[in-house]
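These notes are about the structure you will find just below.
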Amino acid sequence: MSVLVDKADLSLKYTAHYNEVKDELFKNSSDILNAQRNKAFQNFVLQGIPTRKNENYKYTNLNPAFLPDFKFIHTKEEKKANLGEVFRCDVPQLNTNLAMVFNGWFYKNETEKGNLPDGVILDSLESISKEKPELLEKYASLAKVEEDPMVALNTAFAKDGFFLYVPKNVIVESPIQIINLLQDEKATFATQRNFILVEDGAKVQVLLCDHTLNLNQYLSNSVTEIFAGNNADVEFYMLQNQHNKATSIHSVFIDQQRDSRVTSHTASLHGGLIRNNLKFMLNGENAEANMFGMAFMDKNQHVDNFTQVIHASPHCESNQVYKNVLDEKSSGAFSGRIHVVRDAQKTNAFQRNNNLLLTDEANMQTKPQLIIDADDVKCSHGATVGQIDEEALFYLRARGIDEDKARLMMMNAFAHEVVKEIKLEPLRDRIDELVDKRLKGEVARCHDCAYQCDC
Amino acid sequence: MLKIKDLYASVEGMEILKGINLEVKPGEVHAIMGPNGSGKSTLANVLAGKEDYEITHGEVLFEGEDLLDRAPEDRAKDGIFLSFQYPVEIPGVPMVNFLKTSVNEHRKHKGLKELTAGEFLKLMREKMDLVDMHTKLTNRSVNEGFSGGEKKKNEIFQMALLEPRLAILDETDSGLDIDALKTVAHGVNALKSPETAAIVVTHYQRLLDYIVPDFVHILYQGKIVKTAGKELALELEEKGYDWIKSENGN
């Protein structure tokens with residue numbers, strides 16, 4: 001297919017596909033998921049595949065990513081990966097509860113009995129939406145199909161993903177780790193829909209690790225909705241480690257009630273095109289939202305972090321720190337919008353984006369945006385784009401540290417400000433190690449992962 | 001040990017050093033004094049290998065070998081140490097990592113076994129006492145949030161760890177109160193030996209009460225215009241730099 005394919009033609013292709021697979025999409029799926037499909041697809045058609053003309057996608061044109069003739073997996077396939085092997089791929093010393101999502105479909109860990117507390121559910125969205133629909137009342141209430149074409153397309157295609165429920169006052173001690181794998185012989189379009197419901201006073205840490213298992217072309221379009229009840233505590237870590245022919249679009253929506261604390265952490269180590277949408281809604285007083293992100297790009301890779309924080313209640317706090325290290329011809333974008341609505345007084349909102357460009361060809365677009373409709377608030381934002389500090393480099397070299405090592409120390413230092421915010425210590429050590437490998441130009445794979453592919 | 005022959009250096013087309021000649025032998029302490037802008041720091045930086053300067057003429061031999069085409073890290077490992085006038089803050093690089101890497105790079109160069117974390121900490125504690133360095137500083141990032149005095153102490157502390165053959169102290173005394181000055185001088189003197197040498201760049205005679213030089217050179221407009229014993233520093237303190245300026249046609 002030619003690169004000159006018209007955007008309208010491409011949309012038509014997706015419309016034709018939707019009509020063709022409609023029966024398959026509705027079949028075996030729940031009423032909750034099916035109820036949204038047609039409306040969602042209409043909204044996708046109305047908005048179209050995002051290009052730079054869409055203000056929210058100003059720095060990322062997704063049109064080329066849609067060009068390949070993708071295989072879609074609208075019905076769960078037999079397990080292809082050896083799950084026993086996959087489940088060994090955990091973070092050492094991190095005693096996790098493991099599950100796997102494979103090409104967008106959830107597979108339970110049968111080999112090992114997890115130690116989840118009573119009442120906690122970690123299961124497939126498909127089965128829970130049929131068996132316990134009452135837990136999914138808020139499905140698609142945060143991820144609005146009118147607001148983003150990728151969310152609309154996800155909602156139209158959504159059949160599975162992981163579902164996590166933590167009942168009131170339950171503390172999940174061991175982190176929950178979801179290994180998210182893409183593998184097929186053909187270029188594949190994967191849709192994943194996740195739902196996390198954390199009730200009042202409950203606490204959980206979730207780690208989502210994205211990997212591709214071969215060098216085929218992938219487009220993954222995921223949506224995660226997270227609900228944090230009063231005084232709930234949620235940490236959501238996303239480790240993105242794919243390859244140059246993979247496009248990953250992940251839209252995460254968070255609703256926070258009173259006194260809740262939610263931290264999101266996005267580490268983009270590898271991937272051809274990465275777009276992360278993150279929208280926090282602070283809907284109760286004294287809620288605290290933290291957003292950390294770091295990306296390490298090279299070759300022609302592109303990363304775009306698009307964040308929104310809606311301060312809809314007074315006395316809330318939000319913090320954002322995003323850092324990018326861009327090498328070779330890679331590019332990055334950061335758009336951060338903080339919206340303090342009327343009457344959300346005593347808001348504290350901070351945002352910072354720092355970028356390190358290692359070559360003249362790397363480029364970065366950064367766009368902070370504050371919309372403040374209240375009058376008693378403290379908000380700040382700042383962005384820097386720069387090179388490695390030559391004075392500091394000389395200082396290290398003057399102490400006998402060779403130039404490459406000194407550069408590496410400084411790049412690690414740059415990233416470390418974000419890494420150190422990872423509260424899970426074994427994960428922090430692991431990320432430190434992966435970042436170090438990534439910066440050295442080595443393939444940053446988990447060393448005990450069964451899939452040592454050289455993607 | 002060090003031979004500087006007719007050295008010319010410029011930065012962005014402006015000539016700063018205009019024919020420096022200097023020889024430093026083991027066991028000697030040389031003080032280089034002079035008014036602002038005379039080229040003192042340039043000389044120190046050129047010796048350490050800072051790349052902002054262009055050497056237009058002359059040569060520098062260290063232990064008989066050409067120094068100027070060597071990378072800063074190689075000069076450091078061969079035993080040249082620059083105590084920075086303005087030590088750089090490097091947020092995110094922990095002091096301990098930095099020092100351990102530095103010490104081990106030196107050890108590798110000498111063909112010695114790298115120190116383990118435990119061995120290094122032991123060495124570090126030993127040297128910390130010498131300059132009265134506090135652990136609250138070694139637990140931070142390199143120079144981050146250090147006061148002016150703490151930064152200078154940290155330079156001498158690094159010097160103590162690396163045991164250089166030639167130490168170049170670039171205005172290590174500026175901005176120090178008398179107690180800090182004594183501590184720094186004590187550190188420098190403790191490291192003196194018949195095999196090592198030091199070049200002390202300073203504005204003021206004060207430091208030379210504590211670090212006694214064998215030679216005092218006056219650098220003015222990129223040249224050494226006067227060389228004498230330690231009494232020259234006292235003379236300068238008394239008369240200021242004006243007589244040097246008038247003697248040299250200004």
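The values are calculated or read from the model by the stated rules, or taken from the named source; none is laboratory data. Predicted model, so just to flag it, every value in this text is computed and none were measured. Counting neighbours? That spans all protein chains shown, and the Cβs are built from the backbone with ideal geometry, glycine included. Heavy atoms of the whole protein, side chains included, go into the accessibility calculation; ligands, DNA and RNA do not. Shrake-Rupley method; radii C 1.70, N 1.55, O 1.52, S 1.80 Å.
When the residues A:Lys132, B:Lys152, A:Lys71, A:Lys27 are ordered by accessible surface, computed with a 1.4 Å probe over the protein chains alone, the sequence from largest down reads A:Lys27, A:Lys132, A:Lys71, B:Lys152. First check a/c for the range A:136-212, with a ≥ b ≥ c the square roots of the eigenvalues of its C-alpha gyration tensor; if it is under 1.5, answer rounded, and if not, answer prolate when a/b is larger than b/c or oblate otherwise. Since a/c reaches 1.5 but b/c is at least a/b, the shape of the range A:136-212 is classed as oblate. Once backbone amide H atoms are built at 1.01 Å from N, A:Lys203 has A:Val170, A:Ile171, A:Val172, A:Asp233 as its partners under 5 Å, excluding neighbours fewer than 5 places away on the same chain. For the range B:119-155 versus the range A:28-78, the inter-centroid distance based on Cα atoms is 57 Å. Normalising the average separation of contacting C-alpha pairs (under 8 angstrom, six or more residues apart) by the number of residues puts the relative contact order of chain A at 11 percent.
Our coupling estimate for the range A:362-373, obtained by passing each phi through the Karplus curve with A = 6.51, B = -1.76, C = 1.60 and θ = phi - 60°, is 5, 9, 9, 10, 9, 9, x, 8, 10, 10, 10, 10 Hz, Gly and Pro reported as x.
Note on A:Asn38 and A:Glu147: their simple-model spin labels are 2.6 nm apart, each label 7 Å out from Cα toward Cβ. Listed values for the range A:52-58 are Karplus-derived 3J(HN,Hα) couplings in whole Hz (6.51 cos²θ - 1.76 cosθ + 1.60, θ = phi - 60°), namely 5, 5, 6, 3, 6, 10, 3, and x replaces Gly and Pro. Roughly how tilted is helix B:148-162, in degrees to the nearest 10 and between 0 and 90, from the longest Cα axis of chain B? So the inclination is approximately 70 degrees. In the elastic network of chain B, a GNM with C-alpha springs shorter than 10 Å, the most mobile of B:Ile55, B:Ile90, B:Ile32 is B:Ile90. When the residues B:Tyr204, A:Tyr139 are ordered by accessible surface, computed with a 1.4 Å probe over the protein chains alone, the sequence from largest down reads B:Tyr204, A:Tyr139. Ranking B:Trp243, A:Trp105 from most to least accessible surface, computed with a 1.4 Å probe over the protein chains only, gives B:Trp243, A:Trp105. Amide H contacts under 5 Å for A:Ile371: A:Ile338, A:His339, A:Val340, restricted to partners 5 or more places along the chain or on a different chain, H placed in the peptide plane at 1.01 Å from N. Under a Cβ-Cβ cut-off of 12 Å, what is the net charge of the residues other than A:Glu317 that fall near it, where Lys and Arg count +1 and Asp and Glu count -1? Every neighbour counted, the sum reads 0. Rolling a 1.4 Å probe over the protein heavy atoms gives the range B:2-136 an accessible area of 46 Å² per residue.
For the range A:246-260, 3J(HN,Hα) computed residue by residue from phi via the Karplus equation (6.51, -1.76, 1.60; θ = phi - 60°) reads 9, 10, 10, 10, 10, 10, 10, 10, 10, 10, 10, 9, 3, 6, 7 Hz, glycine and proline entered as x. Taking every alpha-carbon pair under 8 Å whose residues sit at least 6 apart, the range B:94-222 reaches a relative contact order of 24 percent. Nonpolar atom fraction for the range B:102-250, defined as the carbon and sulfur part of the 1.4 Å probe accessible area, stands at 49 percent. At a threshold of 20 Å², the residues of the range B:81-100 that become less accessible to a 1.4 Å probe in the full protein assembly than in their chain on its own are B:Phe84, B:Val88, B:Ile90, B:Gly92, B:Val93, B:Phe98. Only Lys, Arg, Asp and Glu carry charge here, each on its Cβ (+1 for the first two, -1 for the last two); on that basis chain A has a dipole of about 620 debye about its Cα centre. The alpha-carbon atoms of the range B:46-126 define a convex hull whose volume equals 126 cubic angstrom per residue. Residues whose amide H falls under 5 Å from that of A:Ala333, counting only those 5 or more places apart or on a different chain, are A:Val303, A:Asp304, A:Asn305, A:Gln365, with hydrogens built in the peptide plane. Once Rg and the Kirkwood radius are both taken over the C-alpha atoms of the range B:19-64, their ratio Rg/Rh works out to 0.95. Filter the cross-link list B:Lys18/B:Lys50; A:Lys27/A:Lys168; A:Lys420/B:Lys122 down to pairs whose alpha-carbon distance in this structure exceeds 22 Å. The pairs that break the limit, which is 22 Å between Cα atoms, are A:Lys27/A:Lys168; A:Lys420/B:Lys122. Of A:Gln205, A:Ser174, A:Phe253, whose Cα points farthest to the positive end of the dipole of the range A:173-311 (charges on the beta-carbon: +1 Lys, Arg; -1 Asp, Glu; origin at the Cα centre)? Projecting each Cα onto the dipole axis, the largest value belongs to A:Phe253.
Against the main long axis of the alpha-carbon atoms of chain B, helix B:95-109 sits at an angle near 80°.
Computed over Cα pairs, the Kirkwood radius of chain A leads via Stokes-Einstein (0.890 mPa s, 25 °C) to a diffusion coefficient of 110 µm² per second. Whole Å is fine, so just give me how far the alpha carbon centre of the range A:348-391 lies from that of the range A:103-155. Their Cα centres are 34 Å away from one another.
When accessible surface is computed with a 1.4 Å probe, chains A and B are found to bury approximately 2000 Å² between them, both chains counted. Measuring only protein heavy atoms, the 1.4 Å probe finds B:Glu144 accessible over about 70 Å².
Equivalent-ellipsoid semi-axes (√(5λ), Cα gyration tensor) for the range A:319-455, whole Å, largest first?
In descending order the semi-axes read 33, 20, 15 Å.
Tell me whether the range A:277-321 comes out rounded, prolate or oblate; compute the Cα gyration tensor, take square roots of the eigenvalues as a ≥ b ≥ c, and use a/c under 1.5 as the rounded threshold. Judged from the Cα gyration tensor, the range A:277-321 comes out prolate (a/c at least 1.5, a/b above b/c). Residues considered: B:Lys230, B:Lys122, B:Lys151. Largest GNM mean-square fluctuation over chain B, using C-alpha springs under 10 Å, is found at B:Lys122. Among B:Leu166, B:Leu219, B:Leu176, determine the one that fluctuates most according to a GNM of chain B built with springs between C-alpha atoms less than 10 Å apart. Looking only at B:Leu166, B:Leu219, B:Leu176, the largest GNM fluctuation is found for B:Leu176.
Along the charge dipole of the range A:350-428, Cβ charges K/R +1 and D/E -1, which of A:His416, A:Leu370, A:Leu358 sits furthest on the positive end? With unit charges placed on the Cβ atoms, the residue in question is A:His416. The Cα atoms of the range B:62-219 give a gyration tensor whose axes a ≥ b ≥ c have a/c of 1.5 or more with a/b no greater than b/c, which makes the shape oblate. Around the Cα centre of the range B:101-142, unit charges on the Cβ atoms of Lys, Arg, Asp and Glu (plus for the first two, minus for the last two) sum to a dipole of about 100 debye.
Pairs from the list B:Lys152/B:Lys182; A:Lys71/A:Lys159; A:Lys329/A:Lys423; A:Lys378/A:Lys423; B:Lys151/B:Lys226 with a Cα-Cα gap above 22 Å: A:Lys329/A:Lys423; A:Lys378/A:Lys423; B:Lys151/B:Lys226. In the context of the full set of protein chains, residues of chain A present 38 Å² of accessible surface per residue (probe radius 1.4 Å, heavy atoms only). In chain A, the calculated helix contribution to ellipticity at 222 nm averages -7000 deg cm²/dmol per residue, counting -39,500 (n - 2.57) for every DSSP H run with n ≥ 4.
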